[in-house]
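J.: Sending over a structure as structure tokens; questions will come in a sec.
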Amino acid sequence: MLETCKSCGTVFEVDENTITNNIKWLKCCVCNKKWILSSRSDKTSIQENSEIKSNSEKVKEELASIKSVVEDKSKILAKKPNPVLDQKNKSVAEIASELSISKLNETENKIQKPIGVNDKNKAKRISILPFFIIAFGLAFFFAIYFRSTLISYSFLYFPSYTENYIKKINNLLNKFQLPILSDINNLNLIDFIATVQEKQVRFTGVIKNISKRPMLVPRINILAIREDRKIILEKVLILDDKIIPPNSKISFNKVIKEVIQNNRENITVKATLVKKVFDY
């Protein structure tokens with residue numbers, strides 16, 4: 001067989017029988033370069049090619065098996081909904097629309113959320129509050145309107161307590177021009193007598209309560225008039241009693257130091273009940 005030097009191109013005739021398996025390369029006697037036997041290189045190239053082909057076939061087979069497994073998995077995943085993959089495949093507009101719909105659903109759920117115990121209590125408080133304000137306003141109005149009646153009952157059941165605070169109450173009411181009055185329509189002045197002495201005048205009489213509730217004791221306005229209609233005496237009697245119990249009466253005996261010059265003159269004394277009770 002013929003072997004050609006790869007370096008200088010010299011052709012050598014080599015006996016194939018002398019070449020053993022241990023000989024892998026030849027040396028050129030001209031340029032001293034070595035090269036691999038062509039038969040060996042052909043064999044190795046053939047072997048390498050075969051190995052490459054076998055490896056490529058194995059790779060192809062592995063890729064085919066992997067591909068089949070992936071296809072099977074993808075078919076299984078396609079049957080089951082995968083929100084992650086679906087979210088990746090969605091466009092920005094679809095995502096924005098879904099977000100707006102989800103926000104709208106959240107607000108609707110909040111609105112339609114069932115009312116709990118605390119919410120019910122708050123709703124009850126809110127619903128009761130207007131009635132409480134109205135009731136308080138009505139109670140305050142009736143207390144102001146029936147102030148004299150309330151004070152008369154207070155004198156009946158709590159005399160000492162009312163006596164201590166009546167002055168402050170009267171001053172407060174007078175600031176708003178709401179004086180404490182006595183119901184003189186249910187009171188009668190009877191057996192009234194005026195006795196003139198040297199330097200004083202004595203007034204006696206009875207005030208009767210004809211109603212079924214206690215009455216504040218009114219003041220008594222006294223007028224002494226002569227025959228010529230001249231007023232010689234004008235006084236207001238303030239009695240010590242504060243109330244007249246229901247269907248009962250009180251008597252009074254009051255002395256005023258007043259000088260009347262001529263006791264023999266014909267003098268007429270008039271007494272009238274005054275509504276206004278206190279004048280501190």
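J.: Between residue 181 and residue 197, what length in nm is gained on full extension when 0.36 nm per residue of separation is reduced by their alpha carbon distance? Let's see the in-between values first.
T.: Working: separation 16, 0.36 × 16 = 5.76 nm, distance 3.30 nm.
Fully extending the segment from residue 181 to residue 197 adds 2.5 nm.
J.: Near the amide H of residue 211, under 5 Å away, which other amide H atoms are found, from residues 5 or more places off or on another chain, if H is placed in the peptide plane?
T.: 247
Every number in this text was worked out from the coordinates using simple rules, so none of it is lab data. Computed from a predicted structure; not experimentally measured.
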